[in-house]
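The next block holds one structure in the form of structure tokens; read it before the comments.
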Amino acid sequence: MPIIVGLFFMARNGHLETEAAAPAEVKGTFTLLLHGCRYPDDLENIAILGKEGDAHSFEIYAKDSAYMVKNGLTGEQALKEAEQFVRCNIHFERTGLRKILIPGGGSIGFEVQPIYSASRFGTNPVLDVHYAIRGRKVTVYVKLDPEIEKALSN
């Protein structure tokens, strides 16, 4: 229980917001972090596009084997690879693009999440993603929505 409380506190302290974005906004050079797609029914799939050349860097709170990193991609390349990557689940329907905002409203990156069949899972998105910032480091916490996790365990 203390670990869960600690993770919640870390995610809420310095928590970054996201908002819907258009593909035309993905401009510049990016580091692409690809999390998940370990097996055909894996739901914890997400791609993070961190802007290169600014002061912020992203890391995913997970085992090194749960994600991969690609550097130096153009916005077009990063978005294309991200969208292809999150299609790996058999229940995939479409992608959702959101920009990651720092306090004051500036964008420091983007996330691409898969949108799954609402008839299968009852809700979208199925992921509970938090961005915690400490200094210039942004830690990404990815887990299933608690309701989805509960439904799948029954």
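Key figures for this structure:
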{"read-out": "Ranked packing of 15-26, 109-120, 74-85, most packed first, by mean Cβ within 10 Å", "value": "109-120, 74-85, 15-26"}
{"read-out": "Listed peptides 64-72, 132-140, 45-53 by packing density, highest first (mean Cβ within 10 Å)", "value": "45-53, 132-140, 64-72"}
{"read-out": "Net charge contributed by nearby residues that have their C-beta within less than 9 Å of residue 66 (K/R +1, D/E -1)", "value": "0"}
{"read-out": "For region 86-93, 3J(HN,Hα) per residue [Karplus equation, 6.51 cos²θ - 1.76 cosθ + 1.60, θ = phi - 60°, Hz, x = Gly/Pro]", "value": "6, 7, 5, 7, 5, 9, 4, 10"}
{"read-out": "Placed amide H near residue 52: partners under 5 Å, 5+ positions off or other chain", "value": "29, 30, 31"}
{"read-out": "All lysines inside 26 Å of residue 99 as judged from Cα atoms, apart from same-chain residues fewer than 8 positions distant", "value": "27, 51, 63, 70, 80, 137, 143"}
{"read-out": "Net charge dipole size for region 10-129 [Lys, Arg +1 and Asp, Glu -1 on Cβ; Debye, nearest 20]", "value": "100 debye"}
{"read-out": "Computed label-point distance, nm, for sites residue 20 and residue 120 using a 7 Å Cα→Cβ extension", "value": "2.4 nm"}
{"read-out": "Estimated FRET transfer efficiency when R0 is 30 angstrom, pair residue 90-residue 62 (beta carbons, to 0.05)", "value": "0.85"}
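Throughout, read-outs are computed from the coordinates displayed, never taken from laboratory work. What you see is a predicted model; the values in this text were computed from it and never measured. Positions of Cβ are backbone-derived with ideal geometry, glycine not excepted, and every protein chain shown enters the neighbour counts.
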